[in-house]
Amino acid sequence: MSELHMRVSDEDRERTAGRLQHAFAEGRLTRPELEDRLGLALTARTYGDLLGLITDLPAEQQAPPDDVVELESKSDHIKRSGDWAVPRRLRITSKYGSADLDLSEAVVPHQVVEIELDMTYGSAKIILPVGGTADVDGFRSEWGHVSTTDVPGRPRPGTLHVVVTGGAKYGTLTVRYPRKRWFTH
C-alpha cells in the first residue's frame, strides 16, 4: 500500500487545516477557497486527499519553537488592538497594570494562540474575533473572577482558539467577542 493511500489522523487533518488558514492569512487563498478546502481537509481519509489540498501552496515555513513575545510592565496599561501581528505564544507580566488584547482585527497566522498572564494587581481583557474560542481552565485568580460569557471553551475547526494560562492575585480575566456598534457612519 502506498503512503498516499494510508489513513490520516485527526492531527494530520488539523495540521493541514492550519496550513490552509496560514495560506489564507497570506492572501494565497480566497475565503471561498479556504472554506471549500477546510471542509475537504476535515473529512479527508488518506494522505493523498490531504496532499491534493496543499500541493499548489508554498512549503510551510516552520516557526522557531521559542516563538514567544514577552510584554512587561510595572504599572502601565499594556494594550494591543487594530491590525497587529499576534505571535503563537504571548507572555504578559504586569505588577500593577492591566492588559487589553483585541484580536478581532489582528493578523493571526496560527490556529492556536497561547497567552500566559502573570498579573499581580491588574486585570486582563481579551477580545476574540467572532466565532473564536478560548480555554481559560489554566488561569487562576485569587481575589477576582474569570468571565467568558458566550465564548465556547473547546476548539472548533477553522476558527481561532486561544489558550489562557497563568494567574492574577487581585484581578479578573474577561474573554469576550467585540461589542456590537449601534451607530456606524
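Considering only the other residues whose Cβ falls under 11 Å of the Cβ of residue 173, what net charge follows from Lys and Arg at +1 and Asp and Glu at -1? Each step should come with its number before you reach the end.
Values: positive: 125, 140, 176; negative: none.
Cβ neighbours under 11 Å give a net charge of +3.
Would you look at the GNM of the chain, springs on alpha carbons closer than 10 Å, and say which of 152, 87, 109 moves the most?
152
Determine the share of the chain's accessible area contributed by carbon and sulfur atoms, expressed in whole percent, with a 1.4 angstrom probe.
49
Please sort 167-174, 48-55 by packing, taking for each peptide the average over its residues of neighbouring beta carbons within 10 angstrom, highest first. Display every interim value, and only then the final one.
Numbers: 167-174: 19.4, 48-55: 15.5.
Those peptides, ordered most packed to least, come out 167-174, 48-55.
Pick out, from 82, 109, 48, the residue whose Cα sits farthest towards the positive end of the charge dipole of the chain, with +1 on the Cβ of Lys and Arg and -1 on the Cβ of Asp and Glu.
82
How large is the accessible surface per residue of region 1-61, computed with a 1.4 Å probe and reported in Å² as a whole number?
Accessible area per residue, region 1-61: 67 Å².
With all protein chains present and a 1.4 Å probe, how do 119, 6 order by accessible area, largest first? The partial results should precede the final answer.
Values: 119 5, 6 90 Å².
Reading off the accessible areas and sorting them downward yields 6, 119.
For region 16-124, just say rounded, prolate or oblate: build the C-alpha gyration tensor, square-root its eigenvalues into a ≥ b ≥ c, call rounded for a/c under 1.5, and beyond that prolate if a/b exceeds b/c, oblate if not.
Verdict is prolate for region 16-124.
Of 75, 94, 123, which has the largest mean-square fluctuation in a 10 Å C-alpha GNM of the chain?
Of 75, 94, 123, the most mobile in the Gaussian network model is 75.
Is region 101-185 rounded, prolate or oblate when judged by the Cα gyration tensor, a ≥ b ≥ c being the square roots of its eigenvalues, rounded requiring a/c under 1.5 and prolate requiring a/b larger than b/c?
oblate
Please check the chain for the longest run free of GluC sites (Glu not before Pro) that are loop-located per DSSP (anything but H, G, I, E, B) and have at most 14 other Cβ atoms within 10 Å.
For GluC sites (Glu not before Pro) (loop position, at most 14 other Cβ atoms within 10 Å), the longest site-free span of the chain is 61-104.
Quick one: give the max-minus-min coordinate of the C-alpha atoms of the chain along each principal axis, largest first, in Å.
Largest first, the chain extends 60, 43, 27 Å along its Cα principal axes.
Averaging sequence separations of C-alpha pairs under 8 Å and six or more residues apart, then dividing by the length of region 94-170, give the relative contact order as a whole percent.
Details: 158 pairs, mean separation 31.7, N = 77.
Relative contact order, region 94-170: 41 percent.
Rolling a 1.4 Å sphere over the protein heavy atoms, what is the accessible area per residue of region 83-185, to the nearest Å²? Can you show the working numbers first?
Details: 5730 Å² over 103 residues.
Per residue, region 83-185 has an accessible area of 56 Å².
Within the set of other residues whose C-beta is less than 13 Å from the C-beta of residue 129, count the net charge using Lys and Arg as +1 and Asp and Glu as -1.
Overall, the nearby charge balance is -1.
For residue 161, what charge total do you get from the other residues with a beta carbon under 9 Å from its beta carbon, if Lys and Arg give +1 and Asp and Glu give -1?
+1
Restricting to Cα pairs below 8 Å that are 6+ residues apart, what does the relative contact order work out to for region 24-183? Please round to a whole percent. Each step should come with its number before you reach the end.
Values: 339 pairs, mean separation 30.6, N = 160.
Averaging sequence separation for qualifying contacts and normalising by length gives 19 percent for region 24-183.
If you keep only loop residues by DSSP, which trypsin sites (Lys or Arg not before Pro) in region 27-135 have at most 13 other Cβ atoms within 10 Å of their Cβ?
45, 74
The values are calculated or read from the model by the stated rules, or taken from the named source; none is laboratory data. Keep in mind the model is a prediction, meaning the values are calculated, not measured. All Cβ positions, glycine included, derive from the backbone under ideal geometry; neighbour counts span all protein chains shown. Keep in mind that these areas ignore ligands, DNA and RNA; they rest on the heavy atoms of the full protein, side chains included. Shrake-Rupley method; radii C 1.70, N 1.55, O 1.52, S 1.80 Å.
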